[in-house]
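Below is one structure, written out as structure tokens; comments come after it.
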Amino acid sequence: MSTADALPARELDVRPMLRAGEEPFQAIMDAVGALSPGQSLRLIAPFRPVPLFSVMANRGYAASDRALGDGGWEVVFSPVATVNDSDGVAIGSSSSAAFWGVPVLELDLCELEPPEPMVRILEALESLQPGDVLFALLAREPVFLFPELAKREHEWAGNFDAAGTTYRLLVRHGGGGAGH
């Protein structure tokens, strides 16, 4: 919709809050709640807020981030809820998951207790080539896995199934990793 595309992004700079020792999460959620349909949120933070990516993905927002010259980060959260992608996958660290191709490895980790699913996914990624895609089914959202994937330069996308009982995760090997 062209009018939604024309809406300027709402900006929220959380650096002053963090300097003052305040937790900015509620202010971020309030800003998201105040967005107009189709409007994006431009967040400025003193660090790359990786855990927030999955929170926002579950609310229907894709993240696009870049480092600022002053050591801070700019993240634009854009709504994707109106986009009909092939799998209904909420976007994690990448907005291009629909173009990744067929997974070369599928893991059903629903029966495992944390941290075993995270360990198995990270081990499996070590055997994959850059660009390869892994698909995993999990009993819960792997919030502690996301920073590890980012550290290793992998991209991911995921969401819960329609019943809300199984988390579906796609991970694309980014070429980084502990031993690379």
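Brief remarks on what is shown
- Top-ranked residue of region 57-73 - restricted to ones that are within 26 Å of Ala139 (Cα to Cα) and part of a loop (DSSP other than H, G, I, E, B), ranked as modelled with the lowest pLDDT: Asn58
- Test: residue in region 83-95 that is in contact with a strand residue (DSSP E or B) (Cβ under 8 Å, 6 or more places away or on another chain), modelled with pLDDT of 90 or more, β-branched (Val, Ile, Thr) and not in a loop (DSSP other than H, G, I, E, B): no
Residue-wise test of (1) buried (at least 18 other Cβ atoms within 10 Å of the Cβ); (2) at pLDDT 85 or above; (3) under 16 Å from Glu155 (Cα atoms).
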| residue | (1), (2), (3) |
| --- | --- |
| Ala4 | no, no, no |
| Pro8 | no, yes, no |
| Met17 | no, yes, no |
| Phe25 | no, yes, no |
| Ala34 | no, yes, no |
| Val50 | yes, no, yes |
| Val75 | yes, yes, yes |
| Val104 | no, yes, yes |
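- Number of residues in region 26-49 that are outside any loop (DSSP other than H, G, I, E, B), under 22 Å from Leu149 (Cβ atoms) and in contact with an Asp or Glu (Cβ under 9 Å, 6 or more places away or on another chain): the value is 2.
- Residue in region 137-145 that is at negative phi and part of a helix (DSSP H, G or I) present: yes
- Odd one out for Phe99 among (1) modelled with pLDDT under 85; (2) under 12 Å from the mean Cα position of the chain (by Cα): (2)
- If only residues of region 36-48 that are loosely packed, with under 15 Cβ neighbours inside 10 Å and not small (Gly, Ala, Ser) are counted, the one that is farthest from the chain's Cα centre (by Cα) is Pro37.
The values are calculated or read from the model by the stated rules, or taken from the named source; none is laboratory data. Because the structure is a prediction, the values reported are computed rather than measured. So basically every Cβ, Gly included, is an ideal-geometry build from the backbone, and we count neighbours across all protein chains shown.
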